[in-house]
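The values are calculated or read from the model by the stated rules, or taken from the named source; none is laboratory data. It should be emphasised that the depicted structure is a prediction, and the values quoted were computed from it without experimental measurement. Ideal geometry is used to build each Cβ from the backbone, glycine not excepted, and the neighbour counts take in all protein chains shown. Only protein heavy atoms, including side chains, enter the accessible area calculation; ligands, DNA and RNA are left aside. Shrake-Rupley method; radii C 1.70, N 1.55, O 1.52, S 1.80 Å.
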Amino acid sequence: MSVFPCQGSAPKILVVDGSPVDLDAYALTLRKWGYEVITVSSGAQALALLSQEKIHLVLADGNMPQMNGIELSRNIRRVFFGHYIYVMLFSAPQGEAFVISALEAGADDVLNKPADINELEARLQSAWRRIALQAKLAAQNQQVAQAHDLIAQELRTVSQVQRSYLPAQLSPFPEVAYRWLSVPSQYVSGDHLHVFRLNDDLFGFYVLDVSGHGIPAAVKSMQLVQMFSDLSPTSVVYEKPAHTEKPSPRQAARPRDVVGNLNRIFQQTETDLSYFTLIYGTFQPHSGRLAFCQAGHPNPLVLRANGEVASVGEGGYPVGLFEFDEFTDTELILEAGDTFMLYSDGVTEVVAPDEQQFGQVRLLNTVSNAMTTGGWASVPEALYERIKQWGGPQALSHGFEDDLSVLILGARTAGSPQEGAVESQDILDAMPLAHPSPQAVFRPQVQSTALEASSSESSNSSDTAPHTVLIADDSKSFLRIFEAMLSNWGYQVYTAQSGHEALALVEEKAPDFVLTDWDMPGMSGIELCEQIRATEAEHHVYLIMVTGFASREDLLRSLRVGADDFLTKPVNPSELKVRLNTAIRISRLYQSLQQQYQQIKHFYGALQRDMREVSRIQRALLPPSRNEPWPVAVQTLYSPRRFVCGCQMGTLKTHDNELGFFMINLPGEGTPVALQAMAVARWFSDGACHSGPFPP
């Protein structure tokens, strides 16, 4: 026996029979063939054992007391054991009615008792070939899933790091009240938002949106977040300090200067064509004075205390697209009770099932209605519920195509929620509330109901698409009769009058099942079966051999060359129907596993592409191995164990006649550590360190 579902392990068979003599005889024979055999004497014992052991095949007596073989088959199909169980029944000859009843109950094959040893061996080989095919595909699924989960676990960590930079749910500032919404389209987000204190009476805020989605966008987003989180005197949000003996207080830079500096730092290159939109601003709560610079981001809204909603801003151009610096500031005054709302384009671009975008008008209407019923603090939650409804089932089950961000802030007033007295519904962090779990986003799970459907009895009429059957026979009358009968049962039927024609149709149409005559001119049914099994892509096709002169040798040879079943002419339509239903049940599991494999492979491929892009971004920060731009030879060796690592190195021009260099080696590994290393390297390379370690 060469067809085993797992290399290096003996296939495990459960034998169920009330006769100790028959149990011993079957066990002895099966063990000689290389199987691992477990024996029990009743159906109840068999069901209990199947729930504890991973058994792929059951051989059961059809006439046991209390629970016979048919009842055992039916009970096995009612329970999902995590994998398909092939059931083969033995019974004293009882005619076609018993065979039909057994197959309808969920048995996969029926043999006469006492069993012919050669036939039993051939049918077991046929069963194990089918089981091995499913096991191989399941092992591939597991292998790809494990590789996927390895990257996905890193992304969960990155997501936690990224979300740790979001504002506290409860405003820690006595002067400022805010509400926000952040819903990543995947684990990680290219959007980000924050509110932070610049000095005693001034606060900074921003909402940014990096082009693209997924990991590459999140890498640049995290670089920006870490730059904004740096509140040292050399931070991008402060004016450059003068080099004097007496330290001077930090002065917040104007929003347009902050955006202009970022534009110079993050210019597009040949290897990095990404850009980002941004609104960065400053806010004085006691005076209500607010200034912001808009860089290609959607126009913000002013939510007036009287319920009016006004759009402000002039658009501007994204950061990183152009080298010129023509960013401008917009200034306004927030009166008592007024608030300022920023949002990303993912909000207005949510697409309904009819492909219509949510749009600016619906946004304004939703905000106005929420202001009327619950005040500005209810806007993020109301808006989120509205766009979920707009996105339809796709948004509810799989999330949104783009990241969503909303930030509303204003001066805290007597009517604003105070610390310790904010009700939970007033604070919205949508990720844990309603966004699909990362596992569901990145890796579709094989639900038990889906596989149960594969192992439960059903008819082809319940399928959304008809199953396809190829009939190969040199008899035109046989083809005509069976084509009409199978079409009436709901199958899509193809016909061929020769083995060569049938083989061409198998390659072209990829039918689910093939019914082939044993004896055809040119290429016999046996040769056709051998040719189909020799093709890797067609291994899963269910083959039923049909012949008008069934000898024991014919049956054995058919099974040994790859047939899954064997029928004798004239074919009983009722038996053919239940055997096809059995084939559907077996094929469904393979199709389910194949679909799962393709889905996981697709998502894993997307993750790999993203991780390769992150690797490219990290490598782009390395110094080039050349003499330019300084008269110093530079050679580097960089070989991370995986896509990325916590090591980074670089060179920088500290002064006209001086070259600086650095090497970073952070503990740990994976994407989160690599992001930190890239942030530090960016700090060096962008010259932020010049006024610190390298004063003139």
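From the list Val302, Val361, Val351, Val312, the one residue that fits, being surrounded by 13 or more Cβ atoms within 10 Å (Cβ to Cβ) and under 28 Å from Gly392 (Cα atoms), is Val351. Look at the stretch 364-396 and say how many of its residues are surrounded by fewer than 21 Cβ atoms within 10 Å (Cβ to Cβ), touching a helix residue (DSSP H, G or I) at 6+ places or on another chain (Cβ under 8 Å) and closer than 21 Å to Phe292 by Cβ. Matching residues across the stretch 364-396 total 0.
Contact annotation: residue pairs with Cβ atoms under 8 Å, 6 or more positions apart or on different chains, pairing a residue in the stretch 370-395 that is more than 13 Å from Leu181 (Cα to Cα) and of a type in the set (Lys, Arg) with a partner that is open to solvent by 40 Å² or more (accessible area, probe 1.4 Å) and modelled with pLDDT of 90 or more, are Arg386/Arg362. Looking across the stretch 619-635, just one residue is at pLDDT 80 or above and either in a loop (DSSP other than H, G, I, E, B) or touching a helix residue (DSSP H, G or I) at 6+ places or on another chain (Cβ under 9 Å) (or both), and that is Leu622. When Ile76 is tested against (1) open to solvent by 70 Å² or more (accessible area, probe 1.4 Å); (2) closer than 28 Å to Gln142 by Cα, exactly one condition is not met: (1).
Put simply, of Lys220, Lys240 the only residue that is more than 26 Å from the chain's Cα centre (by Cα), touching a residue at least 24 places away in the same chain (Cβ under 8 Å) and not in a strand (DSSP E or B) is Lys240. Every condition in (1) under 15 Å from Asp209 (Cβ atoms); (2) of a type outside the set (Asp, Glu); (3) open to solvent by less than 70 Å² (accessible area, probe 1.4 Å) holds for Gly337 except the one numbered (1).
A quick yes/no check of all residues on (1) open to solvent by 10 Å² or more (accessible area, probe 1.4 Å); (2) outside any loop (DSSP other than H, G, I, E, B); (3) under 29 Å from His83 (Cα atoms); (4) free of Cβ contacts under 8 Å to residues at least 24 places away in the same chain:
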residue: Glu508; (1), (2), (3), (4): yes, yes, no, yes
residue: Pro511; (1), (2), (3), (4): no, no, yes, no
residue: Gly522; (1), (2), (3), (4): yes, no, no, no
residue: Glu527; (1), (2), (3), (4): yes, yes, no, no
residue: Glu530; (1), (2), (3), (4): yes, yes, yes, no
residue: Val546; (1), (2), (3), (4): no, yes, no, no
residue: Asp554; (1), (2), (3), (4): yes, yes, no, no
residue: Ile586; (1), (2), (3), (4): no, yes, yes, no
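When the residues of the stretch 397-417 are filtered to those that are open to solvent by 90 Å² or more (accessible area, probe 1.4 Å) and at pLDDT below 75, the one that is nearest to Phe292 (Cα to Cα) is Ala414. For the stretch 87-108, the tally of residues that are within 41 Å of the chain's Cα centre (by Cα) and surrounded by 21 or more Cβ atoms within 10 Å (Cβ to Cβ) stands at 9.
Just to check your reading of the model, which residue among Leu208, Leu202 is at pLDDT 95 or above and open to solvent by 10 Å² or more (accessible area, probe 1.4 Å)? Result: Leu202 is the single residue among Leu208, Leu202 that is at pLDDT 95 or above and open to solvent by 10 Å² or more (accessible area, probe 1.4 Å). Across the stretch 176-217, the number of residues qualifying as over 20 Å from Tyr275 (Cα atoms), more than 31 Å from the chain's Cα centre (by Cα) and outside any loop (DSSP other than H, G, I, E, B) comes to 11.
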